[in-house]
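The values are calculated or read from the model by the stated rules, or taken from the named source; none is laboratory data. Since we're looking at a predicted model, the values are computed, not measured. Heads up, the Cβs are rebuilt from the backbone with ideal geometry, glycines too, and the neighbour counts pull from every protein chain shown.
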């Protein structure tokens with residue numbers, strides 16, 4: 001297929017805007033093929049964030065990316081605008097540790113973590129393993145500190161650890177994150193649900209009310225307040241002490257101590273929650289999202305701020 005100039009420019013713009021870009025079928029939350037699922041599983045272990053394009057929803061990109069990199073299959077992983085390869089290459093690089101190096105990550109030590117499985121969780125897991133004795137029980141802790149259990153056939157390159165007679169298999173990155181993890185179970189309306197208490201996970205994003213933020217600002221507390229909205233929205237309404245989350249602000253945040261108080265807001269609190277979560281995953285311990293955003297600020301603190 002001949003790649004036209006418009007498609008090439010579009011692909012190049014996508015790659016320029018995203019250091020790690022995966023062209024896949026579906027999304028990381030809902031992959032539409034096994035190869036895309038396996039590739040996202042690897043990337044989820046390594047990275048808290050990366051960009052994706054669902055080629056099934058974009059026929060132009062689906063055909064164009066094959067011609068662009070002269071690579072006939074999907075998924076395709078690009079890093080720094082360079083084609084890495086498809087699922088098999090990504091898997092091999094992950095096993096060899098070269099993918100870690102490419103992404104600027106340190107190779108984890110292959111050490112067995114300390115994991116506690118409570119008796120109620122042990123009973124349920126033992127029953128699941130007895131029903132599928134040919135399977136291995138895998139524990140993963142991804143780069144967003146989300147833990148999951150799954151029954152899989154493979155155990156190559158895995159670290160295994162035993163707790164209460166249950167053998168868990170982990171990839172090295174998960175093992176490093178899982179030291180001290182406690183696995184329990186609780187009853188819900190939908191049945192049993194596993195709980196994972198991980199002492200290594202960064203603290204969750206805190207929710208802060210507009211009245212509390214107002215008090216903090218008035219008292220002179222050190223608050224790094226950032227407005228994540230685009231310029232057009234900021235021009236309509238803003239909090240005087242806030243800084244736009246632009247390139248300069250991003251660098252300021254990067255230079256702050258990891259225990260600095262960061263507060264993010266948007267119009268209603270949805271977009272800022274996502275931004276706050278991204279900084280939590282970068283290791284900041286006091287990340288806050290403003291409840292209700294600028295809308296709540298106008299209603300409860302400063303009526304002179306226009307609503308929109």
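A few comments on the model shown:
- Restricting segment 213-242 to residues that are under 29 Å from the mean Cα position of the chain (by Cα) and loosely packed, with under 15 Cβ neighbours inside 10 Å, the residue that is farthest from residue 299 (Cα to Cα): 222
- The single condition among (1) assigned by TED's automatic domain parsing to the domain that holds residue 58; (2) crowded, with 16+ Cβ neighbours inside 10 Å; (3) in contact with a strand residue (DSSP E or B) (Cβ under 9 Å, 6 or more places away or on another chain) that residue 121 does not meet is (1).
- Scanning segment 32-55 turns up no residue that is more than 22 Å from residue 157 (Cβ to Cβ), out of contact with any helix residue (DSSP H, G or I) (no Cβ under 7 Å at 6 or more places or on another chain) and without any contact (Cβ under 8 Å) to a residue 12 or more places away in the chain.
Residue-by-condition table, conditions (1) in the same structural domain as residue 146 (by TED's automatic domain parsing); (2) closer than 28 Å to residue 177 by Cβ; (3) part of a helix (DSSP H, G or I):
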| site | (1), (2), (3) |
| --- | --- |
| 264 | no, yes, no |
| 275 | no, yes, yes |
| 278 | no, yes, yes |
| 307 | no, no, no |
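- Residue in segment 75-91 that is crowded, with 17+ Cβ neighbours inside 10 Å, modelled with pLDDT of 95 or more and under 23 Å from residue 191 (Cα atoms) present: no
- Set 123, 148, 175: member being at pLDDT 95 or above and over 23 Å from the mean Cα position of the chain (by Cα): 123
- Residue within segment 5-12 that is surrounded by 16 or more Cβ atoms within 10 Å (Cβ to Cβ) and within 26 Å of residue 281 (Cα to Cα) present: no
- Strands (runs of 3 or more DSSP E) enclosed by segment 91-152 - at least 1 residues per element that are touching a residue at least 60 places away in the same chain (Cβ under 8 Å), touching a helix residue (DSSP H, G or I) at 6+ places or on another chain (Cβ under 8 Å) and under 25 Å from residue 39 (Cα atoms): 136-141
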